[in-house]
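Novice: Provided herewith is a single structure, encoded as structure tokens, for subsequent inquiry.
The values are calculated or read from the model by the stated rules, or taken from the named source; none is laboratory data. All figures in this text were calculated on a predicted structure; none of them were measured in a lab. Cβ sites come from the backbone with ideal geometry, for glycine too, and all protein chains shown count toward neighbours. These area figures cover heavy atoms from the full protein model, side chains too; ligands, DNA and RNA do not enter into them. Shrake-Rupley method; radii C 1.70, N 1.55, O 1.52, S 1.80 Å.
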Amino acid sequence: MNRYIFGDVTLELIEGDITKQPDIEAIANAANAQLYAGGGVDGAIHRAAGTGLEKEAHPLGPLKPGEAVITGGHHLPNNYVIHCLGPVYDRDIPHDLYLANCYENAMRICEERGIQSIAFPAISTGVFGYPVEEAAPVALKAVMDAMPSLKSLRTIRMVLFSHYAHQVFGNALEKLI
Ligand code: ADP
């Protein structure tokens, strides 16, 4: 299952690179607390955006787990980056609550700004150690629970970096529907 539609809101699951989503207005970043350019998906986003992204983002920190802030997209093909601090799986308990908060806060910011499309990576499932099998249902449920009340967002795209992660999200979506 790669797509779920509620009213005129679509949740899509794709395998791909979050820095290559030119049809999307805002991309979410799995940031670090200080909003410095780091590794993983954060490194890819900062490399594609250029050094202006860190200059704008760092003064908005530090973030606590589950929080999100917005910046411009700089040299990315997207107007905005929404920087989320995911939970460290073994440390930030309850990790499922903090992970859901990331998605909820990012979508809230989109609603406040009138943003119509957002793409998310699988927050916390890299260096932060959240098993993707556990993160997928938490992420999808947070999005699906919000869908009926969204006024501005019309497209929510989960961009999974591996074939495996894409499969896991697809299976989780099937179970949730
Ligand atoms: P965290 O610190 O939140 O765990 P990571 O960047 O280490 O963040 O990993 C989060 C997820 O992002 C991982 O599943 C990783 O495979 C994925 N990822 C890495 N690079 C990209 C990219 N360019 N686009 C989308 N997802 C990516």
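Novice: Please check: in the Gaussian network model of the chain (C-alpha springs, under 10 Å), which one of Pro121, Pro65, Pro94 has the largest mean-square fluctuation.
Specialist: Pro94
Novice: Still on this structure: Report, ordered by chain and residue number, the lysines lying within cross-link reach of Lys64, taken as a straight Cα distance under 24 Å and ignoring same-chain residues fewer than 8 apart.
Specialist: Within the straight-line cut-off, Lys64 pairs with Lys55, Lys141.
Novice: Here's a follow-up. If I ignore ligands, DNA and RNA and count only protein heavy atoms, how much of Tyr80 is accessible to a 1.4 Å probe, in Å² to the nearest 10?
Specialist: Here the residue's solvent-accessible area equals roughly 60 Å².
Novice: So, with a 1.4 angstrom probe, what is the percent of accessible area on the chain that is carbon and sulfur? Intermediate results must be reported in sequence, preceding the final value.
Specialist: On the way: 4350 of 8100 Å².
Carbon with sulfur: 54 percent of the solvent-accessible area.
Novice: Skipping prolines and chain starts, which residues have an amide H placed within reach, meaning under 5 Å, of the one on Leu160, given they are 5 or more residues away or on another chain?
Specialist: Ile14, Glu15, Gly16
Novice: Compute the accessible area per residue over the chain, keeping the other protein chains in place, probe 1.4 Å, unit Å².
Specialist: Values: 8100 Å² over 177 residues.
In whole numbers, the chain has 46 Å² accessible per residue.
Novice: Heads up, I need the accessible area for Val41: 1.4 angstrom probe, whole protein in place, Å², nearest 10.
Specialist: 50
Novice: Still on this model: Which Cys residues of the chain have no other Cys Cβ less than 4.7 Å away and so no disulfide-compatible partner by this rule?
Specialist: If one checks each Cβ against the other cysteines of the chain, Cys110 turn up with nothing under 4.7 Å.
Novice: Per DSSP H run of at least 4 residues, take -39500 (n - 2.57); add these up for the chain, divide by its residues and hand me the 222 nm value, nearest 500 deg cm²/dmol.
Specialist: Counting only the DSSP helices, I get -11500 deg cm²/dmol.
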